[in-house]
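The values are calculated or read from the model by the stated rules, or taken from the named source; none is laboratory data. It should be emphasised that the depicted structure is a prediction, and the values quoted were computed from it without experimental measurement. Here the Cβ positions follow ideal geometry from the backbone for every residue, glycine too, while neighbour counts run over all protein chains shown. For the accessible areas, the whole protein counts, side chains as well, though only heavy atoms, and no ligand, DNA or RNA atoms are used. Shrake-Rupley method; radii C 1.70, N 1.55, O 1.52, S 1.80 Å.
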Amino acid sequence: HHRICWHAGSWKKLVEVLSILSGKPAEGQIPLDVCSTCHANATCDDKSDGSGKVCNCKYGFVGNGRTFCQDKDECQIGANKICGLHTTCHNTYGSYYCTCLAGYSPSNNMAVFIPNDGTHCQDIDECRITGQCGEGAQCRNLNGSFDCSCQVGYKIHNGVEPFHPLRDKASCKEVDCGSPPAFPHSHLLWNKNTKMGTKVVYQCNSGYHNVGKGNVSICTAGGQWARPSMLCQEILCGSPPVIEFTEQAWSNNSTPGSTVLYFCKEGFYNNGGNNVSICQENGQWTPPTLSCQGNQAADCFHIQLKWMIAEFSHLANCCGKTLWLECSLNPTKCIFSPTEIKPSIHHLLIFNESCLRWKAEKYEEDTEVYKVTYTGSRDYQRYFYDKRKKFLSSKADRLELCLSLLPVTNYSIAVTATSARFTATITISTSLPVVYYREFDTPLPVLSLWRSPNTLDPISLYQVFVLPGEGIMMFNCSCPAKATPTSKVNSPAEYITAQFDVHYVGTEMNFTIGDGLLYGGFYNAPLESGKNYYIILRTVSQWKTVSVAILW
Ligand SMILES: *[C@@H]1O[C@H](CO)[C@@H](O)[C@H](O)[C@H]1NC(C)=O
Ligand SMILES: *[C@@H]1O[C@H](CO)[C@@H](O)[C@H](O)[C@H]1NC(C)=O
Ligand SMILES: *[C@@H]1O[C@H](CO)[C@@H](O)[C@H](O)[C@H]1NC(C)=O
Ligand SMILES: *[C@@H]1O[C@H](CO)[C@@H](O)[C@H](O)[C@H]1NC(C)=O
């Protein structure tokens with residue numbers, strides 16, 4: 001029923017088609033060429049029983065060898081199984097190959113491998129390469145990777161630790177604490193460094209001390225200054241110590257340098273000891289040692305008076321004169337009233353070079369005993385020291401006392417009214433040794449020299465100069481000429497007529513000028529009558545190599 005049309009060439013083809021459809025070679029025809037029907041990805045092989053040919057899919061393909069040969073995906077088994085750990089499996093037509101995961105490298109050092117030769121993937125130590133993590137960071141190798149963390153003195157920036165330099169933005173920055181904190185009333189001792197571990201020491205300002213704990217701030221790993229619990233407080237000594245039977249004069253100021261004066265309470269007298277306490281830098285008052293005793297009302301008078309004077313010295317200044325405060329005595333009490341009074345000794349002065357005069361202010365008719373202590377010293381005689389005492393008892397209001405003071409000496413004289421316990425002092429510089437010159441009714445002038453019997457007298461030599469009475473206004477006393485017996489007529493205008501050693505003078509000596517004798521190698525040339533002369537006496541003091549001359 002089919003209308004089959006063909007032409008001669010198509011016949012063979014038709015037989016083949018039929019044969020394929022029936023599954024057996026067409027009878028009586030040329031046997032089917034199996035090999036020509038093999039799939040492109042198949043090979044044509046001999047049958048094992050030798051009965052013909054067969055199509056087999058190539059290695060790596062599965063299928064019937066003729067109509068279909070499909071790629072067998074080895075990688076489907078799993079990369080771990082087929083390629084090993086830390087690998088990626090790559091399928092190819094008919095085959096596969098392996099590569100290592102990032103962070104691993106193949107043991108054969110090739111880019112790809114097939115594990116059948118024992119090649120496997122091993123971890124790469126990224127930390128072998130320095131600088132992986134950047135400045136201030138340290139590298140840690142991990143299986144297939146690495147990570148970074150900051151070294152001591154560095155701090156994570158833009159992220160957290162550990163970090164990966166490629167994956168994260170994080171990096172390590174050097175710790176910088178910035179300016180250290182400030183504490184009130186203190187200053188820093190600091191090298192201006194703000195790196196980790198830097199120390200800053202705080203010192204309290206003068207007048208302050210640290211009552212908190214610690215005085216050091218350290219820049220920590222966190223970039224913060226670890227603060228000490230520093231607290232500079234003003235140094236205060238608090239209330240001054242209390243002493244029995246005393247009162248205090250105190251400004252209520254207890255900063256270092258503040259002072260407290262102690263004085264005996266009314267009815268008590270000062271028995272000695274230190275009456276001042278000073279607030280020190282360590283916050284302690286220096287211990288006062290004033291001791292006060294009762295029942296001697298009169299004795300407290302001057303002690304307290306002195307204290308009052310010290311304390312109210314500003315009052316005294318404002319009046320432009322010394323203001324004394326009266327203490328009216330009552331048998332049991334000292335009462336101060338602010339009227340002006342005078343001290344027990346006043347108007348102390350020196351007259352006649354060696355006599356003292358003063359006025360006494362007494363509040364009782366009793367006799368007062370005055371003690372006069374005088375101490376002499378000389379700049380030019382270091383070993384010289386003249387200390388003596390004199391007592392005088394008197395009821396008088398005006399007193400005088402002469403002292404045997406030595407010449408050319410500085411004296412410090414203290415007059416103490418012993419019962420009033422008041423001392424007044426005065427200093428005096430005594431002048432030159434006493435030299436008397438007397439004129440006698442004789443043809444020639446006579447000099448009478450008198451010397452203190454005290455061996456402390458500083459005179460070494462006496463020289464007598466003769467100068468003409470007219471014409472000369474100045475002369476050189478350092479090297480005057482000598483007169484000689486042969487030049488009687490023409491004596492030099494000015495000359496030394498005599499020189500005496502101090503031993504020669506003794507305590508008193510009369511010397512006649514112009515007697516024609518030799519004195520100390522100098523010719524005492526006769527004076528011409530009718531002429532005027534200046535006679536000059538020079539006393540010379542010598543100590544060590546220095547000599548000082550005084551002209552009379
Ligand atoms: C046979 O395999 C190759 C790769 O080896 C492929 O390119 C080709 O397409 C395959 N042929 C067929 C007919 O599937
Ligand atoms: C800091 O404190 C210590 C211990 O208390 C002390 O020895 C040191 O003198 C103090 N330093 C300064 C600068 O005050
Ligand atoms: C006395 O003291 C004054 C002042 O200090 C001094 O210049 C003088 O030389 C002293 N005189 C004597 C003799 O020490
Ligand atoms: C010095 O002269 C006077 C008056 O003539 C006389 O009184 C005195 O004794 C004389 N002194 C000596 C030491 O000669």
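Do we find a residue being modelled with pLDDT of 85 or more, touching a Ser or Thr at 6+ places or on another chain (Cβ under 7 Å) and of a type in the set (Val, Ile, Thr) anywhere in region 500-518?
yes
Name the residue that is nearest to ligand 4 (Cβ to nearest atom), counting only residues in region 220-232 that are in contact with a strand residue (DSSP E or B) (Cβ under 6 Å, 6 or more places away or on another chain) and either of a type in the set (Gly, Ala, Ser) or outside any loop (DSSP other than H, G, I, E, B) (or both).
Among those residues, the one meeting the criterion is 232.
Looking only at region 225-237, which residues are open to solvent by less than 30 Å² (accessible area, probe 1.4 Å) and either farther than 30 Å from residue 179 by Cα or without any contact (Cβ under 8 Å) to a residue 12 or more places away in the chain (or both)?
Result: 237, single match.
Taking the condition of being open to solvent by 60 Å² or more (accessible area, probe 1.4 Å), closer than 20 Å to residue 164 by Cα and without any contact (Cβ under 8 Å) to a residue 24 or more places away in the chain, how many residues in region 98-123 meet it?
Of the residues in region 98-123, 0 are open to solvent by 60 Å² or more (accessible area, probe 1.4 Å), closer than 20 Å to residue 164 by Cα and without any contact (Cβ under 8 Å) to a residue 24 or more places away in the chain.
Residue-by-condition table, conditions (1) hydrophobic (A, V, I, L, M, F, W, C); (2) modelled with pLDDT of 90 or more:
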residue	(1), (2)
73	no, no
83	yes, yes
114	yes, no
139	yes, yes
146	yes, yes
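Got a sec? Which of 488, 544 is basic (Lys, Arg), surrounded by 12 or more Cβ atoms within 10 Å (Cβ to Cβ) and at pLDDT below 80?
Values: 544 fails: surrounded by 12 or more Cβ atoms within 10 Å (Cβ to Cβ).
It is 488.
May I ask you to list the residues in region 189-224 that are over 20 Å from residue 176 (Cβ atoms), hydroxyl-bearing (Ser, Thr, Tyr) and free of Cβ contacts under 8 Å to residues at least 24 places away in the same chain?
Across region 189-224, the qualifying residue is only 206.
Just to check your reading of the model, which residue among 260, 242 is loosely packed, with under 15 Cβ neighbours inside 10 Å and modelled with pLDDT of 90 or more?
Numbers: 260 fails: loosely packed, with under 15 Cβ neighbours inside 10 Å.
On inspection, the qualifying residue turns out to be 242.
Please tell me if residue 277 is among the polar types (S, T, N, Q), within 30 Å of residue 420 (Cβ to Cβ), outside any loop (DSSP other than H, G, I, E, B) and under 31 Å from the mean Cα position of the chain (by Cα). Before the answer, list the steps.
Numbers: among the polar types (S, T, N, Q): yes; within 30 Å of residue 420 (Cβ to Cβ): yes; outside any loop (DSSP other than H, G, I, E, B): yes; under 31 Å from the mean Cα position of the chain (by Cα): yes.
Yes: the conditions hold for residue 277.
Are there any pairs, at least 6 apart or on different chains, whose C-beta atoms fall under 7 Å, with the first in region 362-384 and closer than 18 Å to residue 346 by Cβ and the second charged (D, E, K, R) and not in a strand (DSSP E or B), and if so, which?
The qualifying pairs are 368/362.
Looking at region 183-200, which of the residues that are open to solvent by 60 Å² or more (accessible area, probe 1.4 Å) and not in a loop (DSSP other than H, G, I, E, B) is farthest from residue 231 (Cα to Cα)?
Of everything passing the filter in region 183-200, 199 is farthest from residue 231 (Cα to Cα).
For residue 412, state whether it is in contact (Cβ under 8 Å) with a residue 60 or more places away in the chain, within 30 Å of residue 450 (Cβ to Cβ) and away from ligand 4 (no atom under 16 Å from the Cβ).
Details: in contact (Cβ under 8 Å) with a residue 60 or more places away in the chain: no; within 30 Å of residue 450 (Cβ to Cβ): yes; away from ligand 4 (no atom under 16 Å from the Cβ): yes.
The answer is no for residue 412.
Do we find a residue being more than 17 Å from residue 205 (Cα to Cα) and among the acidic types (Asp, Glu) anywhere in region 225-243?
no
Looking at (1) touching a His at 6+ places or on another chain (Cβ under 7 Å); (2) open to solvent by less than 30 Å² (accessible area, probe 1.4 Å), which is the only condition residue 203 fails?
For residue 203, the failing item is (2).
When only residues in region 85-98 that are out of contact with any Cys (no Cβ under 8 Å at 6 or more places or on another chain) and polar (S, T, N, Q) count, which is modelled with the lowest pLDDT?
The qualifying residue modelled with the lowest pLDDT is 95.
For region 214-223, does any single residue satisfy the condition of being touching a helix residue (DSSP H, G or I) at 6+ places or on another chain (Cβ under 9 Å) and over 30 Å from residue 283 (Cα atoms)?
Checked region 214-223: no residue is touching a helix residue (DSSP H, G or I) at 6+ places or on another chain (Cβ under 9 Å) and over 30 Å from residue 283 (Cα atoms).
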